[in-house]
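In what follows, a single structure is set out as structure tokens and then discussed.
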Amino acid sequence: MQPETERRPLLAAAAGVALGGLGIVGASDRANAETSEDSFTILEGTEYETTGTVRTADADGPTVLVVGGLHGNEVAGYEAAASVSDMDIVRGRLVTVPRANVTAIESGSRIGDDGTDLNRQFPTGEEPTTELARAIWGVLERFEPDVVIDLHESRNLYDGDVEDGVGQAIFHSRDAEAEREAEEAADQLNENHVSDSAYDFTVAPFSLPPSETPNMLVHKAARDTDAVAFLAETVSSEPELSTRIRWHRRIVRSLLWEELLDESAIDDGDDEDGDEGEDGDDGDEEDGSDGEDDGADNEPPEAVIGTDPADAEDVDFSEGDTVVLDASASSDPDGEIVRYEWDVDGTDEFEEGGETVEASLSYCGELSMALRVTDDDGATATEEVVISTE
Ligand SMILES: [Zn+2]
């Protein structure tokens with residue numbers, strides 16, 4: 001997707017629905033952070049009141065909306081949506097509405113207090129059919145996302161018929177970009193993070209009338225706004241919740257990679273976004289390989305994290321344990337890796353160097369540790385592992 005100038009938010013036009021103001025909660029206090037954080041509230045003062053977040057990077061780029069909790073019993077979806085809300089994006093804007101249907105979440109049920117299935121209230125070309133659906137749609141009207149990602153769970157695995165279950169699948173809008181990104185996300189996940197192939201993720205385009213499930217949010221987003229849209233489903237019957245949340249997080253990271261996380265997209269010299277040269281800190285192009293557009297022919301490296309103990313994402317660590325992270329399996333198809341950098345404390349800053357690092361687990365919970373490798377042409381790739389400490 002081309003970088004584009006950030007669109008000016010439109011106020012929600014849905015009849016009778018006022019979005020809460022964008023409360024600025026303050027820029028991040030990290031020294032070199034270049035993102036700002038805002039929040040907003042919809043249906044304030046009602047039982048449906050819910051909060052969304054907005055992260056805006058310094059560099060212009062697309063807007064991505066991540067929604068969770070349209071169905072209140074699909075826990076991994078809304079937990080993952082909440083957990084990506086503070087992702088350290090390098091450009092563009094990340095909007096999340098993690099708990100779309102609060103009354104459904106509170107009762108642990110698919111539908112909320114208004115007795116309707118929220119994800120059946122978004123008819124294409126028409127106004128959404130409930131107050132809550134109109135308020136959710138108002139978020140799309142306000143932020144005009146280029147990409148919409150909606151996170152769900154299903155009891156059963158998808159085998160080609162949505163009636164039987166849609167677990168472990170990434171559904172995408174019917175455009176080539178969405179199909180490619182969905183397939184890349186599924187491939188990455190299946191290769192690296194799904195140990196039992198029975199749970200491999202499948203990829204399928206949104207179905208079409210009359211066989212489609214009607215009036216879903218992502219269908220309306222794709223058809224009424226031209227957004228690239230995805231609906232991801234994990235299966236809730238067997239894998240542990242923490243595993244399902246990790247899967248969703250990885251899907252989101254992968255789907256929005258090009259839009260919000262790919263640093264090479266910022267000073268790409270493409271002339272199309274017209275903002276290069278602004279920051280003047282591009283030190284990557286002094287290797288003297290003149291005559292060619294740097295990066296045009298360079299294959300990016302691949303970042304791979306090995307761990308000791310092995311399969312550390314599946315290990316329940318105790319406080320005080322250590323884990324060794326090993327980047328030696330990383331590679332560059334047309335050159336070599338010249339730099340290894342690590343974020344082992346979940347701050348999204350790469351504070352350690354070296355091919356291997358040892359991290360001590362000093363506090364409990366889930367911690368995302370990331371590796372960034374740089375190849376001899378200055379292209380980078382990142383990978384992360386999520387370590388659980390009890
Ligand atoms: Zn659902």
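The values are calculated or read from the model by the stated rules, or taken from the named source; none is laboratory data. As the structure is a computational prediction, the values presented were derived from the model and not from experiment. Note: ideal-geometry Cβ built from the backbone for every residue, glycine included; neighbour counts use all protein chains shown. To get the accessible areas, we keep the full protein, side chains included, count just its heavy atoms, and leave off ligands, DNA and RNA. Shrake-Rupley method; radii C 1.70, N 1.55, O 1.52, S 1.80 Å.
The residue that is farthest from the ligand (Cβ to nearest atom), counting only those in region 98-156 that are small (Gly, Ala, Ser) and buried (at least 18 other Cβ atoms within 10 Å of the Cβ), is Gly138.
Candidates are the residues of region 327-338 that are in a loop (DSSP other than H, G, I, E, B) and in contact with a Ser or Thr (Cβ under 8 Å, 6 or more places away or on another chain); the one that is surrounded by the most Cβ atoms within 10 Å (Cβ to Cβ) is Ala327. Contact annotation: residue pairs with Cβ atoms under 6 Å, 6 or more positions apart or on different chains, pairing a residue in region 131-154 that is farther than 17 Å from Val252 by Cβ and hydrophobic (A, V, I, L, M, F, W, C) with a partner that is more than 15 Å from the ligand (Cβ to nearest atom) and modelled with pLDDT under 95, are Ala135/Val17; Trp137/Ala14.
Consider region 99-114 and keep the residues that are modelled with pLDDT of 95 or more and more than 26 Å from Ser207 (Cβ to Cβ). The one that is farthest from the chain's Cα centre (by Cα) is Ser107. Note on region 199-212: residues that are open to solvent by less than 60 Å² (accessible area, probe 1.4 Å) and aliphatic (A, V, I, L, M) amount to 2. When we screen Ala100, Ala104, Ala82 for residues that are closer than 17 Å to Phe230 by Cβ and of a type in the set (Gly, Ala, Ser), the only hit is Ala100. Among the residues here, Ala227 qualifies as at pLDDT 95 or above, open to solvent by less than 30 Å² (accessible area, probe 1.4 Å) and more than 16 Å from the ligand (Cβ to nearest atom). Val84 fulfils the conditions (1) without any contact (Cβ under 8 Å) to a residue 60 or more places away in the chain; (2) under 16 Å from the mean Cα position of the chain (by Cα) except for a single criterion, (1).
Among the residues making up region 108-124, a single one is within 17 Å of Val148 (Cβ to Cβ) and either β-branched (Val, Ile, Thr) or in contact with an Asp or Glu (Cβ under 7 Å, 6 or more places away or on another chain) (or both): Thr124. The residues listed here are Glu341, Glu313; of these, the one that is modelled with pLDDT of 85 or more, outside any loop (DSSP other than H, G, I, E, B), under 30 Å from Pro239 (Cα atoms) and not β-branched (Val, Ile, Thr) is Glu313.
Taken over region 299-350, the criterion of being over 24 Å from Glu184 (Cα atoms), of a type in the set (Gly, Ala, Ser) and more than 24 Å from the chain's Cα centre (by Cα) is satisfied by Ala310, Ser318, Gly320. Among all positions in region 165-187, there is no residue which is without any contact (Cβ under 8 Å) to a residue 24 or more places away in the chain, open to solvent by 30 Å² or more (accessible area, probe 1.4 Å) and either within 16 Å of the ligand (Cβ to nearest atom) or not assigned by TED's automatic domain parsing to the domain that holds Trp257 (or both).
Under the condition of being at pLDDT 95 or above and more than 16 Å from Arg223 (Cα to Cα), the residues counted in region 140-160 number 5.
Among the residues making up region 44-81, those that are polar (S, T, N, Q) and either more than 11 Å from the ligand (Cβ to nearest atom) or under 18 Å from Glu141 (Cα atoms) (or both) are Thr46, Thr50, Thr51, Thr53, Thr56, Thr63.
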